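S.K.: Here it is, the structure, as structure tokens.
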Amino acid sequence: MQKHQEKKYDCGKCDRSFISLQHLNQHVRASHPEIKLTSVKRGIASTSEGNSKRVRREGGALNTFTSTFFQPTENSKKDFLLFFDEITPQLEEKIEEKIQEKGAVKWYGVVKAVFKHESEERVTPYFRSNVQIELVADTVGDHVPESFTKILEAVDEFIRRGSGWNLDKIVHFELCVAKYQPLLASS
């Protein structure tokens, strides 16, 4: 009878061992946030010069939605409104860039945040906006605040129903964009 040999994945910072790479990555994100993970599952790393510190990575799944991640600064990681104010110009610019590249697009935003309970218990919910359709770049400025409002309503609902959860930090804002292809009418 053969024994199943378990692979071990070791943390280079604290020497803890994990049975899967996913568990190691979760540990590194939670315990060592100063370490940036080098593997990017969704695509290639973004290296645009102007936004390299704010736009973390970009990629797509099956050439449909592309994801761009915006990270908060030290000042805005505990305040949704300040974070949204900071990323709005870059977000609008990125959506307009995608409109130029693909034509009409549909997009939505997702915020990942960490909430803490009094007992040091943590939870990491995701808050998603509605899908917005942009046929031309002129409407982007109206739709971005609408999306932020939807996300803030979801955050308020989470806090109201969660009883005692407090925002610890905002992890990132993910912008997901795809080419808009409406269904054709049948005859």
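S.K.: Looking at segment 151-182 only, could you name the residues that are within 26 Å of GLN100 (Cα to Cα) and not hydrophobic (A, V, I, L, M, F, W, C)?
M.R.: Residues satisfying the conditions are HIS172, GLU174, LYS179, TYR180, GLN181, PRO182.
S.K.: Here's another thing I want to ask about it. So THR139 clears everything in (1) surrounded by 16 or more Cβ atoms within 10 Å (Cβ to Cβ); (2) over 17 Å from GLN90 (Cβ atoms) except one condition, right? Which one?
M.R.: THR139 satisfies every listed condition except (1).
S.K.: Still on this structure, please answer the following. What tally of residues in segment 147-187 results from selecting those that are closer than 21 Å to SER67 by Cβ and of a type outside the set (A, V, I, L, M, F, W, C)?
M.R.: Going through segment 147-187 one residue at a time, the tally reaches 8.
S.K.: Only one of (1) out of contact with any helix residue (DSSP H, G or I) (no Cβ under 7 Å at 6 or more places or on another chain); (2) touching a residue at least 24 places away in the same chain (Cβ under 8 Å); (3) closer than 17 Å to LYS116 by Cβ is not met by ARG161, so which one is it?
M.R.: Exception for ARG161: condition (2).
S.K.: Suppose the filter is surrounded by fewer than 20 Cβ atoms within 10 Å (Cβ to Cβ), in a strand (DSSP E or B), at pLDDT 95 or above and not hydrophobic (A, V, I, L, M, F, W, C); does LYS150 pass it?
M.R.: Spelling it out, it is not the case that LYS150 is surrounded by fewer than 20 Cβ atoms within 10 Å (Cβ to Cβ), in a strand (DSSP E or B), at pLDDT 95 or above and not hydrophobic (A, V, I, L, M, F, W, C).
S.K.: Turning to a different aspect of this structure: Which is touching a Lys or Arg at 6+ places or on another chain (Cβ under 7 Å), over 24 Å from VAL136 (Cβ atoms) and surrounded by 15 or more Cβ atoms within 10 Å (Cβ to Cβ), of PHE80, PHE69?
M.R.: Checking each option against the conditions leaves just PHE69.
S.K.: Consider segment 125-145. How many of its residues are farther than 15 Å from VAL110 by Cβ and either among the aromatic types (Phe, Trp, Tyr) or touching a strand residue (DSSP E or B) at 6+ places or on another chain (Cβ under 8 Å) (or both)?
M.R.: 4
S.K.: Quick one: in segment 96-113, of everything that is assigned to a strand (DSSP E or B) and in contact with a Ser or Thr (Cβ under 8 Å, 6 or more places away or on another chain), which residue is farthest from SER147 (Cα to Cα)?
M.R.: Ranking the qualifying residues of segment 96-113, first place goes to ALA113.
S.K.: Continuing with this model, one more query. So, ASN63, is that one modelled with pLDDT under 60 and part of a loop (DSSP other than H, G, I, E, B) or not?
M.R.: Yes, satisfied.
S.K.: Another one. What number of residues within segment 89-103 are out of contact with any Lys or Arg (no Cβ under 7 Å at 6 or more places or on another chain) and touching a residue at least 60 places away in the same chain (Cβ under 8 Å)?
M.R.: 4
S.K.: Can you pull out every residue in segment 69-84 that is of a type in the set (D, E, K, R) and under 14 Å from the mean Cα position of the chain (by Cα)?
M.R.: LYS77, the sole residue that qualifies.
S.K.: Suppose we keep only residues that are part of a loop (DSSP other than H, G, I, E, B) and closer than 23 Å to LYS116 by Cα within segment 164-187. Which one would you say is modelled with the lowest pLDDT?
M.R.: Looking at the filtered set, the residue picked out is GLY164.
This table checks each residue for (1) crowded, with 18+ Cβ neighbours inside 10 Å; (2) farther than 22 Å from VAL177 by Cα; (3) of a type in the set (Val, Ile, Thr); (4) modelled with pLDDT of 75 or more.
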{"site": "ARG42", "(1), (2), (3), (4)": "no, no, no, no"}
{"site": "THR47", "(1), (2), (3), (4)": "no, no, yes, no"}
{"site": "LYS112", "(1), (2), (3), (4)": "no, no, no, yes"}
{"site": "HIS117", "(1), (2), (3), (4)": "no, yes, no, yes"}
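The values are calculated or read from the model by the stated rules, or taken from the named source; none is laboratory data. Computed from a predicted structure; not experimentally measured. Because the Cβ atoms are built from the backbone with ideal geometry, glycine has one as well, and the counts that use them run over all protein chains shown.
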